[in-house]
1. Can you compute the modelled spin-label distance between ASP396 and ALA555, with each label point 7 Å from Cα toward Cβ, in nm?
2. Across the range 25-38, in residue order, what do the Karplus-derived ³J(HN,Hα) couplings come to in whole Hz, using 6.51 cos²θ - 1.76 cosθ + 1.60 with θ = phi - 60° and x for Gly and Pro?
3. Based on Cα positions only, what radius of gyration and what Dmax would you give for the range 40-180, in angstroms?
4. Please give the length that would be gained between ASP223 and ARG416 if that part of the chain were fully extended, namely 0.36 nm times their separation in residues minus their C-alpha to C-alpha distance (nm, one decimal).
5. May I ask for the percentage of alpha-carbon pairs in the range 203-300 that lie more than 23 Å from each other?
6. Specify which residue in the list ASN80, VAL431, SER57 is farthest towards the positive end of the charge dipole of the chain, using unit charges on the beta carbon of Lys, Arg (+1) and Asp, Glu (-1), about the Cα centre.
7. Could you give me the ³J(HN,Hα) list for the range 430-442, computed from phi with Karplus coefficients 6.51, -1.76, 1.60 and θ = phi - 60°, whole Hz, x at Gly and Pro?
8. Of all DSSP beta bridges in the chain, what percent run antiparallel (nearest 5)?
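The numbers here are math on the coordinates, done by the rules we state, and not lab data. Keep in mind it's a predicted model, so treat the numbers as computed, not measured. Please note: Cβ atoms are built from the backbone with ideal geometry, for glycine as well, and neighbour counts cover all protein chains shown.
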Amino acid sequence: MITLKGKGVCSGIAIGEIEIYRPFIPNISQETIRQEDVPGELQRYEAAMAASCSELSALEALTDTPESSAIISVHLDLLNDPSIDESVRGLITESRFPADRAADLTFEQSAGLLESCGDDILAERAADLRDVKRRFLRNYAGEKEASLSRLSRPVILAAHDLLPSETAVLDRKNVLGIVTEIGGMTSHLAILAKSYDIPAVLGVSGLMESAEEAMPVILNGGDGRVILAPDGDTRRAMEAEQARHLWEKALAAEFMDKPGATADGVPLQLGVNIGSSRPEELEGTERADYVGLFRTEFLYMNSGHMPTEEEQFEAYKKALLFYAPRPVTLRTLDIGGDKSLPYYPLPHEENPFLGCRAFRLCMEHRELFRTQLRAALRASVYGNLWLMIPMIGSLDDIRRAKEALAEVRAELDAERIPYSGDVKFGIMIEVPAIALIADKVAQEVDFASVGTNDLCQYLTAADRGNPGVAQYYQSYHPALFRVLCYVSECFQQAQKPLSVCGELGGDRLAAPVLAGMGFQKLSMPLSSLPYVKQALAGRTMPQLQSLAEAVCASATAEEAENCMR
Ligand code: PEP
Ligand code: MG
């Protein structure tokens with residue numbers, strides 16, 4: 001028995017046999033070709049490109065989640081990128097490189113540029129470029145694709161790495177779990193595993209050395225353990241844990257269609273967080289009372305180009321129509337920090353989370369903000385739009401955001417373009433400085449929503465994405481609960497709507513505490529809804545109020561957690 005450790009990115013226990021995935025390895029010629037062979041080589045290049053495009057189009061038809069089809073569409077964009085085409089053709093005709101060498105050089109140069117930015121998300125885009133390159137090289141070599149879209153039996157997939165396009169077409173009913181040597185929390189693979197709800201452990205070093213074909217394996221997507229060739233006792237213990245996990249899931253599922261309320265019938269509005277308005281992503285979310293967070297940056301990140309006003313308008317209109325008359329809280333662009341756009345390089349910053357991020361970036365790049373506000377306001381006639389600005393740190397910021405909105409309204413008026421007169425204006429509370437003047441903020445906005453993910457990182461001074469300081473990023477730190485309690489009191493006093501849309505809102509231990517503090521709205525990923533409904537239904541409001549008091553009076557995160565448990 002060998003136990004390896006990685007990063008658990010999607011919880012659940014998977015027990016099964018390993019299937020090792022070994023992709024095509026190209027053998028690139030380093031020769032040059034003769035001048036008279038150039039036209040023939042250009043034809044070979046075009047044929048391999050066309051074959052790659054038609055493979056991707058066929059894959060697009062097979063995909064069934066927004067994340068996977070977004071990846072395929074980015075790959076199609078990359079493959080059809082005119083600058084790549086121009087460079088490859090130039091190398092074939094002028095330097096007389098064979099097409100594989102020319103494509104390898106071109107794609108590698110672009111990928112290297114992205115990687116040198118020292119940014120995780122751009123590095124992921126470099127992985128997309130290499131994925132596209134490998135597809136081209138395989139077609140150039142005339143080899144068939146080793147596809148993961150049809151597996152003969154249920155297995156746990158093990159690989160050095162799984163490329164986005166490979167994962168996007170996964171034969172999901174036969175994949176019990178995923179384990180790789182490469183990848184982390186923000187990788188495409190992690191996002192896809194979560195959206196497929198497949199237990200996954202990534203970043204397991206030494207995996208490919210120890211794993212063998214058809215070897216029995218257990219992986220725990222919660223704590224990141226991967227046990228190869230488990231002994232009988234370990235297997236029995238993990239089977240019991242798996243059964244407990246599935247039993248809890250089934251119990252909670254019964255609450256999915258019940259309204260959110262405490263045991264003594266105090267109603268709560270429970271919302272859903274979304275990242276797009278594609279039908280696959282919206283499916284099932286109609287059970288939510290509202291959309292508490294539409295992370296619009298995914299629209300930008302999943303595209304190969306800056307989304308136009310028209311593209312954004314269509315996306316926002318779809319979401320507004322789908323939920324009308326329920327509110328859709330559309331968060332304006334939250335780029336910077338750990339999120340970036342491959343086609344819109346930003347200057348390097350020493351501390352990007354403390355830098356020109358989200359609203360600050362929109363103030364520097366007014367055109368981006370203006371386009372988004374125009375699209376959102378135009379879409380507002382189709383439903384109930386609540387517009388929310390992230391990373392607000394002062395009343396000056398609030399006023400600047402309002403001015404920008406007023407300018408866009410005036411522009412639309414001048415162009416006689418209709419928009420709703422009832423769009424709500426709100427902010428995210430995720431910077432401690434704004435949380436501590438919540439009484440003043442409540443006078444300035446129609447609503448607010450607390451982003452506990454960032455509020456926690458700024459309060460504890462611990463980077464939310466850095467595993468090296470994970471022990472300092474304490475989501476149950478009593479300071480965070482005290483700040484939340486203060487914000488809740490201010491908004492209750494002002495009688496303005498207040499929500500939580502960070503992870504804490506969908507945390508089955510913390511959500512009842514937030515309800516006890518007076519939060520009447522909580523927004524979360526769809527998969528958390530049944531657990532939160534179940535947790536709220538288990539206690540009366542007076543019990544939750546005492547719980548909230550005890551949690552705020554705790555001295556440590558551990559003490560707070562013990563109260564909640
Ligand atoms: C948050 O910070 O809590 C939040 C909801 O925003 P994001 O996680 O997208 O930064
Ligand atoms: Mg945030």
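1. Label-label distance for ASP396 and ALA555, simple model: 4.0 nm.
2. Per-residue couplings from phi come out as 10, x, 10, 8, 6, 9, 7, 10, 9, 6, 3, 5, 8, 4 Hz.
3. Over the range 40-180's Cα set, Rg and Dmax evaluate to 15.9, 50 Å.
4. Values: separation 193, 0.36 × 193 = 69.48 nm, distance 5.62 nm.
Length gained, ASP223 through ARG416: 63.9 nm.
5. Values: 2702 of 4753 pairs.
Tail of P(r) above 23 Å: 57 percent of Cα pairs.
6. Of the listed residues, the answer is VAL431.
7. Values, residue by residue: 9, 10, x, 4, 7, 4, 7, 10, 4, 4, 6, 4, 4 Hz.
8. On the way: 18 of 57 bridges.
So the antiparallel bridges in the chain amount to around 30 percent.
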